[in-house]
Amino acid sequence: MTETSLKQTRNIGIIAHIDAGKTTVTERILYYSGKKHKVGEVHEGEAEMDWMEQEKERGVTITSAATTIFWETKSQGDIKINIIDTPGHIDFTAEVQRSLRVLDGGVVVFDGVAGVEPQSETVWHQADKFKVPLIAFVNKLDRTGADFYFDMKSIHERLTKNAIPIQLPIGTEADFNGIIDLLEEKAIIYLDEMGKETETREIPTEMKEQATKYRHDLIEKIVENDEELMQKYLANEEIKVTELEQALRKAVTSRSIVPVFCGSALKNKGIQPLLEAICKYLPSPLDVPAIKEAVDEEEEENKQERKTRKADKNASFSALIFKIATDPFVGRLCYFRIYSGKLEAGSYVLNSSTGKKERIGRIVRMHANKREEVKEILAGDIAAIVGLKNTTTGDTLCSLDDPIILESITFPDPVISVAVEPKTKSDQEKMGVAINKLSEEDPTFKVRTDEETLQTIISGMGELHLEIIIDRMKREFNVEANVGRPQVAYKETITKEVETEGKYIHQSGGRGQYGHCLLRLTPLERGKGFVFEDEIKGGSIPREYIPAIKKGVIEAMSTGVVAGYPIVDMSVAVYDGSFHEVDSSEAAFKVAATRGIRKGVEEADPVLLEPIMKIEIAAPGDFMGDVIGDLNSKRAQIQETEAREKIKIIKAIVPLGEMFGYTTTLRSITEGRGNSSMEFHCYSPVPKNIQKKLTDKDEE
Ligand code: GDP
C-alpha cells in the first residue's frame with residue numbers, strides 16, 4: 001500500500017451516548033467506504049465493531065477498537081480515516097478517556113427525537129476536556145417525533161452556542177427525504193426509502209427562503225472567525241465556497257465552530273456527506289498541536305520548558321499505547337498512536353515508562369472485518385502491535401537513542417467492588433488467568449485479595465462495569481463463580497496533625513533488632529493521595545534506612561484503623577529517630593514505621609471516606625415528586641432542577657453507597673420513562689451515624 005500523507009489522514013472518534021445510533025453510523029461509514037459489503041443491523045447482532053459476545057447481546061459498545069477506512073473525496077483525493085471506537089457509557093470512563101486522548105477530531109451523534117440527553121452532555125464534556133474539535137450529526141430524523149430544530153435548540157442551550165447547521169433536512173419523520181447543503185446551495189434528494197438512489201437538485205422552492213436565512217447565518221459565523229474573509233464580506237465582495245470551507249475548517253480545528261449535519265443512519269441518509277465533512281473539516285495530525293512530554297507536578301510549578309514531538313516521520317520515534325486488547329486470533333494487541341518518527345516491524349524500541357527495551361514483532365492495521373500486516377507505521381497514524389508482553393495502556397514507546405515520556409492518561413480509582421468466589425479448584429485457576437488478562441486491558445479494573453476472608457475482590461467504576469467483567473470471565477474464560485453483593489470502595493483519612501513514635505527494639509541476647517523513628521502525620525486536601533517527606537538532619541537515622549521506613553509507612557497505610565480501608569490524603573514526615581550500630585536493619589525500621597503509623601493514625605481522629613457521585617436524572621415532570629423524595633431518602637443533595645419541554649432534569653450529588661440498583665429503582669418510580677447517568681465526583685467523610693453503622697456491621 002502506498003504511503004498516505006499526513007494531510008490525507010484523519011484520526012477520529014464517533015462519540016455518542018448509548019442508543020443515539022453510533023453503531024449504526026459507524027457501520028454505514030464502513031459500508032460506504034467499501035470495506036464492508038453487507039449492512040448489518042444492530043438488533044441482529046451483526047455489527048462488526050462489536051465483536052464481543054455481550055456487546056452483541058446488550059447492544060452497547062464497550063471496547064475501543066481502531067478501524068482504518070479509506071474515503072475518496074471530491075476535492076482532496078483518497079483520505080485515510082482511522083476510526084477509534086469510543087464507548088458511550090459513563091461506567092467505561094477509562095475507555096472513553098484513552099480514546100479521546102489519541103483522537104484529532106470527533107463526530108458527536110445526537111438522537112433527532114430526544115435532543116441533548118444527560119448522557120450526551122457527559123460525553124460532550126469529556127470531549128471538551130481533551131479539547132477535541134467536533135462536528136455534530138443529528139441522527140434518526142426518520143423517526144416519529146424527530147425535529148432537527150429542536151435538537152439545534154437543545155444543543156445551543158445545553159452544550160454550545162458555537163453549533164451551527166451546515167445542512168437542513170427536507171421533510172421530517174417518514175417524509176424525511178433529502179438534505180440541503182447550505183454552502184453549496186444544493187439539495188440531495190433520496191429517491192427511495194432506504195436511500196439507495198440519490199439525485200442532486202436545486203433547493204426546493206418552498207425551502208428557498210429558509211435556506212437563504214440559514215446560509216446567511218452560517219456565513220456570518222464563518223467570517224467572524226477569519227479576518228480576511230470578514231474584510232471581503234464587509235466590502236460585499238464575492239466569497240468562494242472553497243474559501244468558506246477553508247475558513248470553516250480552521251474554525252472547527254480551533255473549536256470556535258461546531259458545524260451540524262443531519263440524516264438517518266438507519267435509512268442510509270446523510271452518511272456520504274458526513275464522510276465528506278469528516279475529511280473536509282476535521283483536522284489532520286498536522287493541524288493539531290504537537291504532543292508534549294509528561295511532567296510531574298513539581299516540575300510544572302517550576303515552569304520548565306517541555307519537550308514536544310511534532311507529527312513528522314523524520315523525527316525521533318515516539319508513540320503512546322492507548323489500549324490493550326485480546327484478539328481471539330492473534331492474542332495480545334497493543335493499540336498505539338504514533339506521534340513522531342516511524343516504527344518498523346522487527347525493530348527495537350524503548351518503553352520509556354518502564355525503562356525496558358522491547359522488540360516490535362508484527363504490526364497490524366485493523367479493519368472492521370480483517371487485519372492487515374504492515375511493515376512500518378509513520379507519524380500521525382494508528383495501528384496495533386502484536387505480542388508486546390511488558391507494555392500496558394498509557395505507556396510511551398520511543399527510540400532508544402532519544403527517549404521521551406509522553407503525557408499519559410490518568411485514570412480514576414475504582415469506587416465499587418465485589419467479592420468473587422470460584423466454584424471449583426479449576427475455576428480458581430481459570431479465574432487467575434482471566435483476571436490478569438482483563439485487568440491488563442482495563443486500568444480502571446483492579447483486583448486484590450481480602451486478607452481476612454481470603455476472598456478475591458474485584459473493583460471498578462460502576463455496577464455495569466463489574467457486571468460486564470464477570471460476564472466476560474464466564475463467557476471468554478469459562479469461569480464459574482459466586483458473586484457477592486457490590487460494596488462501596490471506602491477509604492480512610494486523618495483529620496488532625498499528630499506526631500508519633502514508632503519503635504521496634506529487641507535486645508535480649510544474640511543479635512538484636514533496633515528501629516526507631518519519629519513521624520509527623522498531616523491531613524492533606526482530598527485527592528492529594530500520599531506524600532512522604534524525609535526531614536532527617538544530622539544523621540539521627542542513617543540514609544540507607546529511609547526507604548525501608550517509607551515502605552513500612554506505605555504498608556501500614558494499606559489498611560486503616562477505622563474499618564481496614566486504605567488510608568489516603570495524608571502526608572508523613574520522618575523527622576527524627578535513633579539507631580544502633582549493630583542491631584539496626586532495614587527490616588527493623590520498616591516494622592518501627594508500621595507501628596508508628598498505626599499508633600499515629602489512631603490519635604489523629606481518623607474518619608471513613610465514601611465515594612460521592614454526580615448524578616443527572618431526566619424524567620417527565622409528573623414523576624418529579626417521587627424521584628426527589630426517593631433521592632432525599634438516599635442522602636442526596638439536589639443541586640439544580642431544570643425544565644426542558646415536558647422533561648425535568650435533576651442534578652444532584654449522592655453517596656454511591658445509597659445508589660446500588662438505582663437504574664431499576666428509577667425505572668419503577670417513573671414507569672420506565674426516566675433515565676440517569678452517574679459519574680464519580682469526589683471522596684467525602686461519611687456522616688458519624690452512618691460510619692457507626694458501617695463499622696458495627698464489620699464487627700458482627
Ligand atoms: P449506539 O448505542 O449509539 O451504538 O446506537 P445503535 O446504533 O445501536 O442504535 C440504537 C438503536 O437506534 C438501534 O435500534 C438502531 O437500529 C436505531 N437507529 C440508529 N440509527 C437510526 C436512525 O437513523 N433512525 C431510526 N429510526 N433508528 C435508528
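The values are calculated or read from the model by the stated rules, or taken from the named source; none is laboratory data. Since we're looking at a predicted model, the values are computed, not measured. Reconstructed Cβ throughout: ideal geometry from the backbone, glycine too, with neighbour counts over all protein chains shown. Quick note on the areas: whole protein, heavy atoms, side chains included, nothing else; ligands and nucleic acids left out. Shrake-Rupley method; radii C 1.70, N 1.55, O 1.52, S 1.80 Å.
Taking 45 Å as R0, compute the FRET efficiency from the Cβ-Cβ separation of PHE660 and ASP78 and round it to 0.05. Spell out each step's value before the answer.
Working: r = 51 Å, r/R0 = 1.13.
E(calc), rounded to 0.05, equals 0.30.
Less than 15 Å Cβ to Cβ from SER399, Lys/Arg counted +1 and Asp/Glu -1: what total charge do the surrounding residues give? Kindly include the intermediate steps, with their values, before the conclusion.
Working: positive: LYS307, ARG309, LYS310, LYS313, LYS342, LYS356, LYS357, ARG359; negative: GLU293, ASP312, GLU344, GLU358, GLU376, ASP395, ASP401, ASP402.
Neighbourhood net charge equals 0.
What does the helix-only formula give at 222 nm for the chain: each DSSP H stretch with n ≥ 4 adding -39500 (n - 2.57), the total divided by the residues, and the result rounded to the nearest 500 deg cm²/dmol? Walk me through the numbers on the way to the answer.
Details: 17 runs with 198 residues, N = 700.
Result for the chain, helices only: -8500 deg cm²/dmol.
If packing is taken as the average number of other Cβ atoms within 10 Å across a peptide's residues, how do 463-471, 230-238, 131-139 rank, most packed first?
On the way: 463-471: 20.1, 230-238: 10.9, 131-139: 24.9.
Listed from highest to lowest mean packing, they are 131-139, 463-471, 230-238.
Could you state the angle between the C-alpha long axis of helix 271-281 and the longest principal axis of the C-alpha atoms of the chain, as a value from 0 to 90 degrees rounded to the nearest 10?
Value to nearest ten degrees: 70.
R0 = 56 Å: FRET efficiency of SER254 with GLU452, Cβ-based, nearest 0.05?
Step by step, r from the Cβ atoms, then E = 0.50.
Going toward the positive end of the dipole of region 514-664, with +1 on Lys and Arg Cβ and -1 on Asp and Glu Cβ, which of PHE579, PHE660, PRO620 do you reach last?
Positive-end residue among those listed: PRO620.
Starting with the highest mean, order 598-608, 199-209 by the number of other Cβ atoms within 10 Å, averaged over the residues of each peptide.
Working: 598-608: 19.0, 199-209: 12.1.
Listed from highest to lowest mean packing, they are 598-608, 199-209.
About the Cα centre of region 128-178, how large is the charge dipole given +1 on each Lys and Arg Cβ and -1 on each Asp and Glu Cβ? Please answer in debye to the nearest 20. Show your work: numbers first, answer last.
Values: 7 positive and 7 negative charges, 74 e Å.
Here region 128-178 has a charge dipole of around 360 debye.
Using the Cβ atoms and a cut-off under 14 Å, what net charge is assigned to the surroundings of ARG595, where Lys and Arg are +1 and Asp and Glu are -1?
Values: positive: LYS503, LYS551, LYS590, ARG598, LYS599; negative: GLU501, GLU555, GLU602, GLU603.
Result for the neighbourhood of ARG595: +1.
Which value, in Å², gives the accessible area per residue of region 523-625 when a 1.4 Å probe is used on the protein heavy atoms?
On the way: 4490 Å² over 103 residues.
It amounts to 44 Å² per residue over region 523-625.
In nm, to one decimal, how far is the ASP583 label point from the LYS528 one, both placed 7 Å along Cα→Cβ?
Output for this residue pair reads 3.7 nm.
To test your reading of the geometry: what angle, between 0 and 90 degrees and rounded to tens, separates the Cα axis of helix 586-603 from the longest principal axis of the chain?
So the inclination is approximately 80 degrees.
For the chain, what is the charge dipole size about the Cα centre, in debye to the nearest 20, if Lys and Arg each add +1 at the Cβ and Asp and Glu each add -1 at the Cβ? It would help to have the intermediate numbers written out before the result.
Details: 93 positive and 117 negative charges, 221 e Å.
Charge dipole, the chain, about its Cα centre: 1060 debye, nearest 20.
Please compute the per residue accessible area over region 90-164 with all protein chains in place, 1.4 Å probe, rounded to a whole number of Å².
Details: 2060 Å² over 75 residues.
Value for region 90-164: 27 Å² per residue.
GLU429 versus GLU157, label points 7 Å from Cα toward the beta carbon: distance in nm?
Going from the GLU429 label point to the GLU157 one covers 6.1 nm.
Using a 1.4 angstrom probe on heavy atoms only, work out the carbon and sulfur share of the accessible area of the chain in %.
On the way: 15090 of 31920 Å².
Roughly 47 percent, rounded to a whole number.
Angle check, please: helix 463-477 long axis (alpha carbons) against the longest principal axis of the chain (alpha carbons), in degrees 0 to 90, nearest 10.
Tilt relative to the chain: about 90 degrees.
Excluding VAL654 itself, calculate the net charge of residues whose Cβ lies under 10 Å from the Cβ of VAL654, where each Lys or Arg counts +1 and each Asp or Glu counts -1.
So the surrounding residues net to +2.
Sort the following peptides by mean Cβ neighbour count (other Cβ atoms within 10 Å, averaged over residues), highest first: 669-675, 422-428, 260-266, 513-519. List each step's numbers first, then the result.
Working: 669-675: 16.7, 422-428: 13.7, 260-266: 25.6, 513-519: 23.9.
Result, highest mean first: 260-266, 513-519, 669-675, 422-428.
Which whole-Hz couplings ³J(HN,Hα) result when phi for each residue of region 172-180 is put into the Karplus expression 6.51 cos²θ - 1.76 cosθ + 1.60, θ = phi - 60°, listed in order with x for Gly and Pro?
8, 6, 4, 8, 5, 9, x, 9, 8
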